[in-house]
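Following: one structure in structure tokens, then a few remarks.
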Amino acid sequence: MEKKNLSYLDSVHRDGKIWGFTLFALILLFPIVLCVVFGTFPDWKALGLGLLGVAPMYWAVAIVEVITYVPMLGAGGAYLSFVTGNISNLKLPCALNAMEIANVKPTSEEGEIISTISIAVSSIVTTVIIIIGICLIVPLSPILNSPVLATAFEQLLPALFGGLGIVFVSKNVKLAIPPIILMLVLFIAVPALDAGMVGIMVPVGVIFTLIVARIMYKKGII
Amino acid sequence: MDFNVNHPIIFVIVALIVLVVLGQSVYFLYKALKRAKAIGMNKSVVKKTITSSATFTIAPAISILVGVISLSAALGIPLPWLRLSVVGSLSYETVAAGTTLKALGLTTGNQVTSASAFVTVAFVMTIGIMLGLILIPLLTKKIQNGMIKLENRDKRWMEIFNNAMFLGMISAFLGFVFCDVTNLFRSNEWLVANGVTRTSCLIPVCVMFTSAIVMVILGLLSKKTKQRWITDYALPISLILGMASAIPFTMWLG
């Protein structure tokens, strides 16, 4: 069993690497192909300024995200999620919910399989919905941009984490209290922390909770 | 070739890349399903995973579509389509596009007319996200092996380790829900200047509690009636009802 388990995971890693490097090359080629097709070059100054504005922060975030999300997503889930994006607002909640319903642990082979299926299905559905939306963009735009729907979609994250949060918090009340207090204090007291900063606060929350968990575990509280 | 942001050739290139990305998902889905069968996993569990994941994805996917539409004002449809189908997230792409357009002396409200400006934005968006793409094939195996070692050393700690990570992530989002509550104590001048009402900061808080309450009710209902399917759809239902509750809450508090 142990040997079989390893071989499935190994093949996931092998295929994940092949797909990962291929897609990396393909995505990097996209702007280069555009230059060739339209016979143009980027505006180097604006390119430099634009990169200076976003790259340092997003590269730092990328490093931290890889370290925090990979253990939660599982191998197959990680190879898929980091290509298709929208991890914290879609893929990870989706996988967590699926593992919860199936009652499997993320570190088991069953967990790995359920997480991969869940994230793959979620990616496929997302891609298909966006394609349908683009084909119907003319009739759909006024509906999707209507003030009523905009109001509902603005509150997607609170609605998502209210439902998901109550499940995980109620199962681990003791461990949940310290990080929730920390995050409440930070988000309320530091005005600079707003919607755009939540992605950066995820690793902070994860590292803090791990430290608290280690202390509680050593002291026998949990 | 004459350039415009919705040029058919851009559509074709983007469609090809999206197709390959879709291919990766289909490939891993097939691989996981095959493995599930080989190790004799319960068929109904696998089926449930597929249906509940698909249902759950609908609302967030539509919100991504809304993002594509909002970015398409300046960049046309294909570039936002690619950027939000591959790695991107709305908050990142909006900032990346906005920063570059500003450097070019343009705005997000007007359509980009020069090919050079367009490829500049495409380059910034692409280079901005590429680090994650390259780190994943390089590091995933190492990180996973580290987790397996940890698990072999101390199973109980590993379980807590996992729960702690999930709670850390969830707590960040719960904190974010409360990020504007200090508005309750602002001066009237400040509220007028920022165009918000005193109580609008409570809308996300009310939505979060509504969704949590719906989740609890569905959990109890499922136990009482012994209808397991309710649990399978509990998260999508509480997500949709939570979002729907934003409409009356906004009318009341906004």
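Throughout, read-outs are computed from the coordinates displayed, never taken from laboratory work. Note that the coordinates shown come from a computational prediction; the quantities given were computed from them, not determined experimentally. With ideal geometry, Cβ positions are generated from the backbone for all residues, glycine too; neighbour counts draw on all protein chains shown.
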(request) Determine, for B:Asp232, B:Asp154, the number of other Cβ atoms within 10 Å of each Cβ, and report the residues in order from fewest to most. (result) B:Asp154, B:Asp232
(message) Using DSSP H assignments, which helices in chain A have an axial alpha-carbon span of 18 Å or above and a mean Kyte-Doolittle hydropathy of 1.6 or higher?
(response) A:109-135, A:156-171, A:173-189, A:198-218
(message) To make sure I understand the rule: partners must be aspartates and glutamates, Cα under 16 Å from the Cα of B:Lys37, and not fewer than 8 residues away in the same chain. Which ones qualify?
(response) A:Glu109, A:Glu110, A:Glu112
(message) Through the Karplus equation 6.51 cos²θ - 1.76 cosθ + 1.60, θ set to phi - 60°, convert the phi angles of region B:46-59 into ³J(HN,Hα) values in whole Hz; use x for Gly and Pro.
(response) 4, 4, 4, 4, 5, 5, 6, 5, 5, 5, 4, 5, 3, 5
(message) I need the chymotrypsin sites (Phe, Trp or Tyr not before Pro) found in region A:24-85, filtered to DSSP loop residues with at most 11 other beta carbons within 10 Å of theirs.
(response) none
(request) Please name which of A:Ile221, B:Val119, A:Leu49 has its Cα lying farthest along the dipole of the protein assembly as shown towards the positive end, using unit charges on Cβ (Lys, Arg +1; Asp, Glu -1) and the Cα centre as origin. (result) A:Ile221
(message) Whole-Hz ³J(HN,Hα) for each residue in region B:239-251, computed from phi via Karplus 6.51 cos²θ - 1.76 cosθ + 1.60 with θ = phi - 60°, x for glycine and proline: what do you get?
(response) 5, 5, 5, x, 5, 5, 5, 4, 5, x, 4, 5, 5
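Given B:Lys34/B:Lys224; A:Lys91/B:Lys47; A:Lys218/B:Lys34; A:Lys91/B:Lys141, which pairs have Cα atoms separated by over 29 Å? Before the final figure, lay out the partial values.
Values: B:Lys34/B:Lys224 35 Å; A:Lys91/B:Lys47 18 Å; A:Lys218/B:Lys34 41 Å; A:Lys91/B:Lys141 20 Å.
Too far apart for the 29 Å limit: B:Lys34/B:Lys224; A:Lys218/B:Lys34.
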(message) Need one number: nm distance between label points at B:Ile217 and B:Glu189, each 7 Å from Cα along Cα→Cβ, rounded to one decimal.
(response) 4.5 nm
(request) Under a 10 Å cutoff between Cα atoms, tell me which one of A:Pro179, A:Pro158, A:Pro203 has the largest fluctuation in the Gaussian network model of chain A. (result) A:Pro158
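Quick check on region B:155-254: take the gyration tensor over C-alpha atoms, sort the square-rooted eigenvalues as a ≥ b ≥ c, and tell me if it's rounded (a/c under 1.5), prolate or oblate.
Details: a/c = 4.08, a/b = 1.58, b/c = 2.58.
It comes out oblate by the Cα gyration axes.
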(request) Pull up all non-local amide H partners of A:Lys105: gap of 5 or more, or a different chain, and H-to-H distance under 5 Å with H placed in the peptide plane. (result) A:Gly111
(request) Find which of B:Val26, B:Gly146, B:Pro8 sits farthest along the positive direction of the dipole of region B:1-153, computed with +1 on the beta-carbon of Lys and Arg, -1 on that of Asp and Glu, about the Cα centre. (result) B:Gly146
(request) Along each of the three principal axes of the Cα atoms of the protein assembly as shown, give the extent in whole Å, ordering the values from largest to smallest. (result) 65, 61, 40
(message) Neighbour counts of other C-beta atoms within 10 Å: give me A:Cys35, B:Cys206, A:Cys135 arranged from fewest to most.
(response) A:Cys135, A:Cys35, B:Cys206
(message) Test of understanding: in a Gaussian network model of chain B with alpha carbons linked when under 10 Å, which of B:Leu138, B:Leu71, B:Leu218 would top the mean-square fluctuation ranking?
(response) B:Leu138
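How big is the charge dipole of the protein assembly as shown about its Cα centre, in debye rounded to the nearest 20, if each Lys and Arg gets +1 on its Cβ and each Asp and Glu gets -1 on its Cβ?
Details: 33 positive and 19 negative charges, 354 e Å.
With Lys and Arg at +1 and Asp and Glu at -1, about 1700 debye.
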(message) Under the rule a/c < 1.5 gives rounded, and otherwise a/b versus b/c splits prolate from oblate, where does region A:106-222 land using the Cα gyration tensor?
(response) oblate
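Name the shape class, rounded, prolate or oblate, that the alpha-carbon gyration tensor gives for region A:172-222, where a ≥ b ≥ c are the square roots of its eigenvalues, rounded holds for a/c under 1.5, and otherwise prolate holds if a/b is larger than b/c and oblate otherwise.
Values: a/c = 3.25, a/b = 2.29, b/c = 1.42.
It is prolate, given that a/c is not under 1.5 and a/b is the larger ratio.
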(message) Using Cα springs under 10 Å in a Gaussian network model of chain A, which residue among A:Val125, A:Val204, A:Val83 shows the largest mean-square fluctuation?
(response) A:Val125
(request) With 5 Å bins from zero, work out the P(r) of chain A over every alpha carbon pair and list the percent per bin. (result) 1, 5, 9, 13, 16, 16, 15, 12, 7, 4, 2, 1, 0, 0
